[in-house]
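See below for the structure under consideration.
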Amino acid sequence: MGTRSVYVTKPRELIAGLLHAEPRFFSAAEIHRRLNEAHKVSLSTVYRTLEHLLERGEVAARSDDAGETTYKACEPAHHHHHAICTSCGRVEDVDCSAIEQLAESLRTVHGFALADHKMEFSGICSACR
């Protein structure tokens, strides 16, 4: 995870551990519900920790179909996209070199100053099929 500039607290370890344990997106409320029973982690601590991890690039955030922000542990230095199972919620990281070629074409051929891009694939994973 790189060098740590801020000390690690027990709640941070618990939240990061939960995000790394399951390959899917979690809402802050889901994280709070799972951890609060055994560890008494406050919802504000969950939000602060998620914001910290997001700033460090250790989690990805997305809006689900209901518009709620959800979070997943991701490799910070590697740009990738996600394939999300609509049945179980499992997320697979997808390396999309073809998409990167399209982004480069936008820059060089069209002169478009591309700041960022995001792409998601949705469907049914092999385990759910």
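The values are calculated or read from the model by the stated rules, or taken from the named source; none is laboratory data. All figures in this text were calculated on a predicted structure; none of them were measured in a lab. Quick reminder, even Gly has a Cβ in these numbers, built from the backbone with ideal geometry, and neighbours come from all protein chains shown.
Spot the failing condition for PHE26; the list is (1) more than 23 Å from ILE84 (Cβ to Cβ); (2) modelled with pLDDT of 90 or more, and only one is missed.
Of (1) more than 23 Å from ILE84 (Cβ to Cβ); (2) modelled with pLDDT of 90 or more, only one is false for PHE26: (1).
Does any residue in the stretch 28-50 that is within 9 Å of PRO11 (Cα to Cα) come within less than 6 Å, Cβ to Cβ, of a residue that is small (Gly, Ala, Ser) six or more places away or on a different chain, and which pairs are these?
Taking only residues 6 or more apart or on different chains, the pairs are VAL46/ALA28.
Somewhere in the stretch 1-8, is a residue touching a residue at least 40 places away in the same chain (Cβ under 8 Å), loosely packed, with under 13 Cβ neighbours inside 10 Å, at positive phi and not in a helix (DSSP H, G or I)?
yes
Output the residues belonging to the stretch 51-73 that are in contact with a strand residue (DSSP E or B) (Cβ under 7 Å, 6 or more places away or on another chain) and over 20 Å from THR9 (Cα atoms).
Looking only at the stretch 51-73, we keep the residues that are in contact with a strand residue (DSSP E or B) (Cβ under 7 Å, 6 or more places away or on another chain), and these are 53-54, 58-64, 68-73.
Of everything in the stretch 51-73, those that are in contact with a strand residue (DSSP E or B) (Cβ under 7 Å, 6 or more places away or on another chain) and over 20 Å from THR9 (Cα atoms) turn out to be ALA60, ALA61, ARG62, SER63, ASP64, GLU68, THR69, THR70.
In the stretch 104-120, which residues are surrounded by fewer than 10 Cβ atoms within 10 Å (Cβ to Cβ), over 16 Å from HIS80 (Cβ atoms) and not β-branched (Val, Ile, Thr)? Give the steps one after another, and end with the answer.
Pass one, the stretch 104-120, residues surrounded by fewer than 10 Cβ atoms within 10 Å (Cβ to Cβ): 108-111, 113, 115-116, 118.
Keeping just the survivors that are over 16 Å from HIS80 (Cβ atoms) gives 108-111, 113, 115.
Once the filter is applied, which keeps residues that are surrounded by fewer than 10 Cβ atoms within 10 Å (Cβ to Cβ), over 16 Å from HIS80 (Cβ atoms) and not β-branched (Val, Ile, Thr), the stretch 104-120 yields HIS110, GLY111, ALA113, ALA115.
Within the stretch 93-101, does at least one residue satisfy the condition of being under 14 Å from the mean Cα position of the chain (by Cα), at negative phi and at pLDDT 85 or above?
Within the stretch 93-101, not a single residue is under 14 Å from the mean Cα position of the chain (by Cα), at negative phi and at pLDDT 85 or above.
Just wondering, is there one or more residues in the stretch 72-80 that are closer than 12 Å to PHE25 by Cβ and modelled with pLDDT of 85 or more?
Residues of the stretch 72-80 that are closer than 12 Å to PHE25 by Cβ, as a first pass: 72-74.
Right, trim to modelled with pLDDT of 85 or more and you get 72-73.
Yes, some residue in the stretch 72-80 is closer than 12 Å to PHE25 by Cβ and modelled with pLDDT of 85 or more.
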